[in-house]
Amino acid sequence: MRRLMSVPLLLVLTTGCASTTVIRSDPSGARVKSRSGELLGRTPYEHSDSATVNHTESFVLELEGYAPEYVTIRRDQWNSVRTAGGIVGGLFVFPVFATLFWAADYKPLYSVELREEVEPVRGEAAPAPARAARRAAYR
């Protein structure tokens, strides 16, 4: 009997915890980098992880001729099936309530419109937003 109860518990705790989202850019093909500068791929970029509720991830999108764009995704979209499963399961087996930590998903899609980078006329200072974006990209 004990073995029979441990199989469903193991299934509940190990499945359905991952959440996936897609980051798209207009125009597409932008490099997607982590906050530490690691190149992760190009848009459209699919991100998946098994982080807990309200976890955030930040990315930088870079494309030649466009200002860098910063994207932060948050796992805050409640998944009703996982929430109900955690509550119902928790009525019978207390640790199943722990599955509520993974009951949220990312939005299915994050869309970013890249802005063309404005080059200053020779002898003029770059516009403040362009200077700040370049400075932030190299931190």
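The values are calculated or read from the model by the stated rules, or taken from the named source; none is laboratory data. Bear in mind that the values here come from a model prediction, so they are computed numbers and not experimental data. Ideal geometry is used to build each Cβ from the backbone, glycine not excepted, and the neighbour counts take in all protein chains shown.
Of note:
- Residues in the stretch 33-47 that are surrounded by 15 or more Cβ atoms within 10 Å (Cβ to Cβ) and among the small types (Gly, Ala, Ser): there are none.
- Filtered by the rule that a residue be touching a Lys or Arg at 6+ places or on another chain (Cβ under 9 Å) and among the hydroxyl-bearing types (Ser, Thr, Tyr), the stretch 39-69 gives THR43, TYR45, THR52, THR56, SER58, TYR66.
- Taking every residue in the stretch 18-44 that is farther than 10 Å from VAL112 by Cβ and pairing it with any residue that is aromatic (Phe, Trp, Tyr) and not in a strand (DSSP E or B), at least 6 positions away or on another chain, the pairs with Cβ-Cβ distances below 6 Å are SER19/TYR106; THR21/TYR106.
Condition check ((1) under 15 Å from the mean Cα position of the chain (by Cα); (2) more than 18 Å from SER25 (Cβ to Cβ); (3) modelled with pLDDT under 95) across all residues:
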residue: GLY41; (1), (2), (3): yes, no, no
residue: ASP49; (1), (2), (3): yes, yes, yes
residue: THR52; (1), (2), (3): yes, yes, yes
residue: ASP76; (1), (2), (3): yes, yes, yes
residue: GLY86; (1), (2), (3): no, yes, yes
